Amino acid sequence: MSKKAKTAIIPTRSEDFSEWYQQVIKAADMAENSPVRGCMIIKPYGYAVWENIQRIFDKRIKEGGVQNAYFPLLIPLEFISREAEHVDGFAKECAVVTHHRLEKDVNGKLQLAESAKLEEPYVIRPTSETIIGDAMARWIQSYRDLPMKLNQWCNVMRWEMRPRMFLRSSEFLWQEGHNAFETKDEAKEDAYKMLDAYADFAENSLAIPVIKGEKTDDERFPGADITLTIEAMMLDGKALQAGTSHYLGQNFSKSCGIKFQSREGGEDFAHTTSWGISTRLIGAMIMTHGDDDGMIMPPRVAPYHVGIIPIIRDYADSDKILNYARDLMDKLKAQGLCVKLDESDVRTGNKMWGMIKQGVPIRVEIGAREVENGTLTHVRRDLGRDSKTSCSVDVFVNSVNDILDLIHNELFTRALKLRDKNIKNIADLSELEAFFKDGNIGFARMDVKLIEDDDYKRICKDYSLTSRCKPFCDNGEKVLVGKAY
RNA sequence: CGGAGUGUAGCGCAGCUUGGUAGCGCAACUGCUUUGGGAGCAGUGGGUCGGGAGUUCGAAUCUCUCCACUCCGACCA
């Protein structure tokens, strides 16, 4: 059997994309399904990616004057109902807490204690606009208290009918930022600014090219005046909303009572924004960069930048090789890199495939030859075995950051090329239908006026399409249409 | 909630039509030989066959009934 033809992930992307996606997660040991339907267990390797996302983005928003805080998981039902559109949008996916105690029945089985039924049920937060708005209403008295910029890293729950790991789980992790401003202009500007932060983060940290744009009316966040989005295209041509930012107008400030004394002495309602990114980004990374051998981690959020594999043929060399490898690891760590030296007692081949499936950006091999010559052999995950290179330890240590940048750029460029190749300009609705009828993948780009047509709704329904966004680069005159996750 | 599948060892599956001692591959464990892109041989351990009820001398297999999961829709970051 030819080893070349063998892929680490079965099935391949072209054979069965959604099964491939599941298998990549499993092979990379990032997450698994939990006993609770719709909820996932994020394993250490997957969580490490999330921690890197948090670390990088948290630093960024703090530089922008945002402060972290924490608000309760449980939201009084009455809070959620304050904003009419908001409650309509989320009612169908709310998990509700109705009791605060369990008790044993006559058979010794646990049941809900009737005596402990809550007067007013709580909703497990699907998002926190209302409970944060309630606090802001108390905290903001004067224009001098504005702007107020708050963020929390937390979990939220939206009951899902069809969960998919990372992309759509009933419980997921995210950050939700909630900012309040004196004027409309400031708040709107903030919504755009946060979207820029997301786009920059997606492209420069995750190597995922995104299209910034505004959501059409039917796709807008419930309760928002304007919803902005970054849309990414996955390897199968489907769209994925990778981050959103909302200008909420005075909708929530009015329903939550966020008012302040203005400079003129009158009373005014604040203009608020909210903005979020979630663990979904990890799914986006998989479906943007992964290949038939598994994950390819974008270097800037990779749990390990470099994986070192000692190659021991003769146990007499073992100490020599391991010490050499440890020295290298120390040198790399001294540069702030994350390094994994695999000293485990498994076969070399298996170690290599393990690193390939986990998508470690650079793999370094060290055997007796390297120790002898003061060199090492390194391979780029994005380019595969053909990129195998030997050089001295010093050369590698001095160039490793450049190599990581090259990998980042390669991943970004690949994704960008694929995306742009799969955006098709469409003149009218019959062309739109023909495009998706022919089984084409990707986005259709067409005049935004066409979405008013009743036939547009039918085509969307027939081909499970949605309006993804009105890209800024088209001045809001065009709309991107595609299948979405 | 509709439509379609699947539940048998940690994972992937066969066996079911035609009822008769629970199987295979991978993984694990032991030993020897190996080791630069998934090693070979020999051996070992591991199961309420998704749950319950029924038919039968006998059920993984037939009948009924729950349950869970996956995929395709509707809802959505």
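The values are calculated or read from the model by the stated rules, or taken from the named source; none is laboratory data. All values reported here derive from a predicted model rather than from experimental measurement. Neighbour counts are summed over all protein chains in view; Cβ atoms, including those assigned to glycine, are modelled from backbone coordinates with ideal geometry. Calculation scope for accessible area: heavy atoms of the full protein, side chains included, ligands and nucleic acids excluded. Shrake-Rupley method; radii C 1.70, N 1.55, O 1.52, S 1.80 Å.
Among the residues of the range A:286-312, write down those that are within 16 Å of RNA strand B (Cβ to nearest atom) and among the hydrophobic types (A, V, I, L, M, F, W, C).
Selection gives A:I286, A:M287, A:M295, A:I296, A:M297, A:V306, A:I308, A:I309, A:I311, A:I312.
Suppose the filter is over 19 Å from A:C256 (Cβ atoms), loosely packed, with under 12 Cβ neighbours inside 10 Å and more than 25 Å from the chain's Cα centre (by Cα); does A:K59 pass it?
Working: over 19 Å from A:C256 (Cβ atoms): yes; loosely packed, with under 12 Cβ neighbours inside 10 Å: yes; more than 25 Å from the chain's Cα centre (by Cα): no.
Taking the combined requirement at face value, the residue does not satisfy it.
Mind listing whichever residues of the range A:62-90 are within 16 Å of RNA strand B (Cβ to nearest atom), more than 24 Å from the chain's Cα centre (by Cα) and either open to solvent by 40 Å² or more (accessible area, probe 1.4 Å) or of a type in the set (S, T, N, Q) (or both)?
A:A84, A:E85, A:D88
If A:F172 meets every condition in (1) within 15 Å of RNA strand B (Cβ to nearest atom); (2) out of contact with any Leu (no Cβ under 7 Å at 6 or more places or on another chain); (3) outside any strand (DSSP E or B); (4) not basic (K, R) apart from one, which number is that one?
With (1) within 15 Å of RNA strand B (Cβ to nearest atom); (2) out of contact with any Leu (no Cβ under 7 Å at 6 or more places or on another chain); (3) outside any strand (DSSP E or B); (4) not basic (K, R) applied to A:F172, the lone miss is (3).
Of the residues in the range A:189-220, how many are open to solvent by 30 Å² or more (accessible area, probe 1.4 Å), more than 27 Å from A:E51 (Cα to Cα) and either among the hydroxyl-bearing types (S, T, Y) or touching a residue at least 60 places away in the same chain (Cβ under 8 Å) (or both)?
In the first step, residues of the range A:189-220 are kept if they are open to solvent by 30 Å² or more (accessible area, probe 1.4 Å); the result is A:189, A:192-193, A:196, A:200, A:203-204, A:212, A:214, A:217-220.
Add one more test, that the residue is more than 27 Å from A:E51 (Cα to Cα), and what stays is A:189, A:214, A:217-220.
Then keep just the ones that are either among the hydroxyl-bearing types (S, T, Y) or touching a residue at least 60 places away in the same chain (Cβ under 8 Å) (or both); that gives A:214, A:218-219.
Residues meeting the conditions: 3.
State whether one or more residues within the range A:376-391 are within 20 Å of A:N52 (Cβ to Cβ), modelled with pLDDT of 95 or more and assigned to a loop (DSSP other than H, G, I, E, B).
The answer is yes; a qualifying residue exists.
Examine the range A:392-400 for a residue that is within 15 Å of RNA strand B (Cβ to nearest atom) and either surrounded by 14 or more Cβ atoms within 10 Å (Cβ to Cβ) or not in a strand (DSSP E or B) (or both), and state whether such a residue exists. Quick ask: steps written out before the conclusion?
Of the residues in the range A:392-400, the ones within 15 Å of RNA strand B (Cβ to nearest atom) are A:392-393, A:396.
Filter once more, keeping what is either surrounded by 14 or more Cβ atoms within 10 Å (Cβ to Cβ) or not in a strand (DSSP E or B) (or both): A:393, A:396.
Yes, there is a match, as at least one residue in the range A:392-400 is within 15 Å of RNA strand B (Cβ to nearest atom) and either surrounded by 14 or more Cβ atoms within 10 Å (Cβ to Cβ) or not in a strand (DSSP E or B) (or both).
List every residue pair whose Cβ atoms sit under 6 Å apart, with the two residues 6 or more apart in sequence or on different chains, where the first one lies in the range A:221-235 and is open to solvent by less than 10 Å² (accessible area, probe 1.4 Å) and the second, anywhere, is more than 9 Å from RNA strand B (Cβ to nearest atom) and of a type in the set (S, T, Y).
Pairs found: A:L228/A:S245; A:I230/A:Y198.
Taking the conditions exactly as written (over 32 Å from the mean Cα position of the chain (by Cα) and loosely packed, with under 15 Cβ neighbours inside 10 Å), does A:K104 satisfy them or not?
Working: over 32 Å from the mean Cα position of the chain (by Cα): yes; loosely packed, with under 15 Cβ neighbours inside 10 Å: yes.
The answer is yes for A:K104.
Go through (1) away from RNA strand B (no atom under 13 Å from the Cβ); (2) in contact with a Cys (Cβ under 8 Å, 6 or more places away or on another chain) for A:E182 and report which single condition fails.
(2)
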